[in-house]
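Step one of this worksheet: look at the structure below.
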Amino acid sequence: MRMSRISGSHLLAVLGLLVLVGGGIVSVRCTPSPITVGFAGPLTGPYSDLGVQGRNGAQLAVERVDAEGGIAGRELELMAVDDEGTEDGARRVADELVNADVTAVIGHMTSDQTVAALPIMNEAETVLISPTTSTPLLDGRENMLFRPHASTDRAAMVLGRYAAQDGSCESLAIVRDTDNEAYSDPFHRFFKQEYTAFGGDVVLDLSVASRQSPDWRSVVGRIADANPQGVFLILSARDSAQFIQALRASEYQPAVFSSEWAMTGDFVRAGGRAVDGTTLVTTAFLNNPTSRYQEFRRRYRERFGTEASFAAERSYNSVTVLAEALRHTGGNADGLPKALVAVEDLPGLLGPITLDEYGDAVSSVHVIRVEDGEFVELEEIPVEELPNPNGLQQ
């Protein structure tokens, strides 16, 4: 069970503490202790682009909340820990954050790590708000996990349909990373079922383990032997970039499609011109003209010297959602889950955020292509027009 916490009201009660000094009485004003919020993500290793961007986005949001007066007179304070992008690391830092008695945790940044840490958070009754965990395996469950973004089932279906129809790709090879299986497996399943339902043929289905440093030239050779018209990747940004560079260095030149996992600045920086023409899908397209988002981008560039990715945007939104809920609990952890599911039409960087009774959200889907090193929107599919994943085999 959750350890007891000193409430904000108890802390405020000591602000007027009287202290006897040299026979006189003086009034001492105490500063309320901060509300500590954990951040858990891969700050090192192959997935560190997600973790570093996520931490930075969360930090910017914490600073904004504090600049606006904090929560019930208390500042937010971010405690960032490195889960190393592994399940063991996720469990280790979950214990660390629970023992530190944090009010809530922003994280994890990959689905496998969230699945690993969630039992610990559930037992401790500590809220976990994940910016980027999007596996549909966690949809519709009452637990301590909250996700202010959509799961990937509909996005995978949109891309599968697009590849078969608009992409004019009659045959595909699929390459997926099993080191993040909670994400890659359902994305693979929903994409493949929709792609084949619209006439596509998957001629080769490959699994790799990113932590074992795959030989991408060898993988390209196997795919070239099968000679499909396209390749679909469920890999991290760095692995996707390395694969595509190996692909473009060969004589075999198929169309390339990718999940949202690769859609960070590292994909373009590491891949260079080789990644131009790649088609991706996302629930958070970042070339948004709203002043709120443009201000966020400007602040991020000034502070960290690079462009914000979807991981930074979603972490910023996650802290925004948490802060809104904390305002309703007076800064206390008690009642936080109830306050979170009550979030409705909260202004986010890319639009309003609403959580359902399970703490999940639904959003539109964007089909994106890399052109001249930039992510360019090809199509937006609004929520009401998205395919229904419930009819597909689970």
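Since every read-out is calculated from the coordinates, none of them should be taken as a lab result. Keep in mind that this is a model prediction, so the values were computed, not measured. Cβ placement follows ideal geometry from the backbone for every residue including glycine, while neighbour counts extend to all protein chains displayed.
Overview of values
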| quantity | calculated |
| --- | --- |
| Computed over the chain: relative contact order in percent, which uses C-alpha pairs under 8 Å that are six or more apart | 17 percent |
| Pairwise centroid distance, computed over Cα atoms, of the stretch 249-276 with the stretch 303-370, Å | 29 Å |
| nm² value of the averaged projected area, convex hull over the Cα atoms of the chain | 20.5 nm² |
| Helix-only CD estimate at 222 nm, as mean residue ellipticity for the chain, using -39500 (n - 2.57) per DSSP H run (n ≥ 4) | -12000 deg cm²/dmol |
| Hz values of 3J(HN,Hα) by residue in the stretch 96-113 - Karplus curve (6.51, -1.76, 1.60), Gly and Pro given as x | 4, 6, 5, 5, 7, 6, 5, 6, 6, 10, 8, x, 7, 9, 10, 5, 4, 5 |
| Neighbour-count order for Arg303, Arg297, fewest beta carbons within 10 angstrom listed first | Arg303, Arg297 |
| Mean separation of Cα contacts under 8 Å (6+ apart) over length of the stretch 141-294, as relative contact order % | 23 percent |
| Taking the C-alpha atoms of the stretch 104-173, convex hull volume expressed per residue in Å³ | 94 Å³ |
| Simple label model, 7 Å out from Cα along Cβ direction - Ser250 to Val202, nm | 1.9 nm |
| Long-range HN-HN contacts of Leu378 with modeled amide H, under 5 Å | Val367, Ile368, Arg369 |
| Alpha carbon Rg of the stretch 92-212, scaled by the compact-globule rule 2.2 N^0.38 Å | 1.26 |
| Inter-centroid distance (Cα atoms) of the stretch 132-176 relative to the stretch 54-75, Å | 31 Å |
| Residues with amide H under 5 Å from that of Ile71, placed H, sequence gap 5 or more | Leu76 |
| Footprinting exposure proxy for Tyr47, Tyr195 (fewest neighbouring C-beta atoms within 10 Å first) | Tyr195, Tyr47 |
| Charge-dipole axis of the chain as Lys and Arg at +1 and Asp and Glu at -1 on Cβ define it, positive-most pick from Asn143, Ser218, Asn317 | Asn317 |
| Order of Thr110, Thr86, Thr196 under a 10 Å beta carbon neighbour criterion, fewest first | Thr196, Thr86, Thr110 |
| The stretch 142-158 - phi-based ³J(HN,Hα) in whole Hz, Karplus 6.51/-1.76/1.60, Gly and Pro as x | 8, 7, 8, 8, 10, 9, x, 8, 7, 6, 8, 4, 5, 4, 4, 5, 4 |
| Mean separation of Cα contacts under 8 Å (6+ apart) over length of the stretch 219-311, as relative contact order % | 27 percent |
| Long-range HN-HN contacts of Met79 with modeled amide H, under 5 Å | Val37, Gly38, Phe39 |
| Backbone HN-Hα couplings from phi across the stretch 340-353 [Karplus 6.51/-1.76/1.60, Hz, Gly and Pro as x] | 5, 6, 8, 5, 8, 6, 6, x, x, 5, 10, x, x, 10 |
